[in-house]
1. Counting only residues 5 or more places away or on other chains, whose amide H sits under 5 Å from the amide H of Gly101 once H atoms are built in the peptide plane?
2. If the chain between Glu161 and Lys136 were fully stretched, how many nm would it gain, using 0.36 nm times the residue separation less the Cα-Cα distance?
3. Compare Trp132, Trp51 by solvent-accessible area with a 1.4 Å probe and give them largest first, with all protein chains kept in place.
4. Can you work out the Karplus-derived ³J(HN,Hα) for every residue in region 39-55? Use 6.51 cos²θ - 1.76 cosθ + 1.60 with θ = phi - 60°, whole Hz, and x for glycine or proline.
5. Put +1 on the Cβ of every Lys and Arg and -1 on every Asp and Glu Cβ in the chain; which of Asn14, Gln120, Ala42 then has its Cα farthest towards the positive end of the dipole?
6. Please list, or write none, the lysines whose alpha carbon is within less than 18 Å of the alpha carbon of Lys183, excluding same-chain residues fewer than 8 places away.
7. Residue separation times 0.36 nm, minus the C-alpha to C-alpha distance between Arg87 and Ile8: what's the value?
8. For Ala66, list long-range residues whose amide hydrogen, built 1.01 Å from N in the peptide plane, is under 5 Å from its own amide hydrogen.
Amino acid sequence: RAPFYMLIEVSGSNEEHDSAKLTGFLEHVMESGMVTDGTLAADSTQMAGVWRIREGISEALSKAGAVYKYDISLPLPQLYQLVEDMRARLADEQANVVAFGHIGDGNLHLNISTPAKSQQVFDKIEPWVFEWTREKRGSVSAEHGVGTMKPQYLHMSKSGETIALMKQLKAVMDPNGILNPYKVLPA
């Protein structure tokens, strides 16, 4: 069992060139000891199987009970630190803290599963997770947007001026307020 698993997918205009580059990279990281094991998909069916494992993480967690999900972005040096700090914060709770994300853009999908919904666990997570993210100069919203759950925390990663500009743009582009009502911007 490894502490981290990485999924790399390459796609370019020259398959032979791309394959040679990937092979060279894999040889380098294996020889250096940064990577200890791996699987290389031989075809699209195997590649789809690997992606199914990655995409099944959230579903697997939900089978264990309640899941608290957060989609944030962080500077790469802090990307995994949130997981470790959250584990320490919830050490006295029956909580499983896992994460997956995108190394390329610092997007982290933080998932905390518990046997059942717990206000005590929730209160330990929020607003702490957003405060922690702000301290690390991250964003409380990443790939999946602000939605309806995070507008009240948007100020933790966007300045008042930025939020005002966002509201002005929204008013110009959606004067009747019919596009994504009650989402993204705080009231």
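1. His109
2. Gain in length upon complete extension: 7.0 nm.
3. Greatest to least solvent exposure: Trp51, Trp132.
4. Per residue, the Karplus-derived 3J(HN,Hα) values read 10, 10, 5, 8, 7, 5, 5, 5, 4, 4, x, 5, 5, 4, 4, 4, 6 Hz.
5. Gln120
6. Straight-line reach from Lys183, under 18 Å: Lys69, Lys150, Lys158, Lys167, Lys170.
7. Answer, rounded to one decimal: 25.8 nm.
8. Counting only residues 5 or more places away or on other chains, the set is Thr114, Ala116, Lys117.
The values are calculated or read from the model by the stated rules, or taken from the named source; none is laboratory data. Bear in mind the structure is a predicted one, so any value in this text is a computation, not a measurement. Using ideal geometry, Cβ is built from the backbone for each residue, glycine included, and neighbour counts are taken over all protein chains shown. Quick note on the areas: whole protein, heavy atoms, side chains included, nothing else; ligands and nucleic acids left out. Shrake-Rupley method; radii C 1.70, N 1.55, O 1.52, S 1.80 Å.
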